1. Would you tally the residues in region 35-49 being within 17 Å of R62 (Cα to Cα) and buried (at least 18 other Cβ atoms within 10 Å of the Cβ)?
2. On the basis of being at pLDDT below 75 and not in a loop (DSSP other than H, G, I, E, B), does L16 make the cut?
3. Name the residue that is nearest to V5 (Cα to Cα), counting only residues in region 17-34 that are surrounded by 10 or more Cβ atoms within 10 Å (Cβ to Cβ) and of a type in the set (A, V, I, L, M, F, W, C).
4. With respect to the numbered conditions (1) modelled with pLDDT of 85 or more; (2) out of contact with any Ser or Thr (no Cβ under 9 Å at 6 or more places or on another chain); (3) open to solvent by less than 60 Å² (accessible area, probe 1.4 Å), which one is the sole condition not fulfilled by S7?
5. Are any residues in region 50-67 surrounded by fewer than 16 Cβ atoms within 10 Å (Cβ to Cβ), more than 18 Å from V5 (Cα to Cα) and not charged (D, E, K, R), and if so, which ones?
6. Being in contact with a Lys or Arg (Cβ under 7 Å, 6 or more places away or on another chain) and among the β-branched types (V, I, T) is the filter here, so list the residues in region 39-63 that pass it.
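The values are calculated or read from the model by the stated rules, or taken from the named source; none is laboratory data. Since this is a predicted model, take the numbers as computed values, not measurements. Neighbour counts run over all protein chains shown; Cβ positions are idealised from the backbone, glycine included. Heavy atoms of the whole protein, side chains included, go into the accessibility calculation; ligands, DNA and RNA do not. Shrake-Rupley method; radii C 1.70, N 1.55, O 1.52, S 1.80 Å.
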Amino acid sequence: MSMLVVSVCSKDHIVLIFIFSGTITCLAFHNSTHMLSGSEDKTICVWECRTWDCLKTLKGHRYVNFISFK
């Protein structure tokens with residue numbers, strides 16, 4: 001599974017990320033520095049938006065259908 005990140009303003013493709021084994025069900029951004037993604041594969045990934053590196057994968061969750069920075 002993959003995720004295509006697109007700029008809403010310019011509609012340009014920013015990055016295409018391949019890491020998921022399930023459908024991506026939710027996303028949350030923190031400022032313009034980090035992003036969280038939740039997936040049907042029961043993982044939450046923490047992304048660094050400058051390089052689009054996955055900083056951490058959190059496993060063992062039930063189905064992830066909502067995610068938020070607090």
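1. 8
2. Considered against the rule, which asks whether it is at pLDDT below 75 and not in a loop (DSSP other than H, G, I, E, B), L16 comes out as yes.
3. Checking each candidate, the answer is I17.
4. (1)
5. T57, L58, G60, H61, Y63, N65, F66
6. T43, V46
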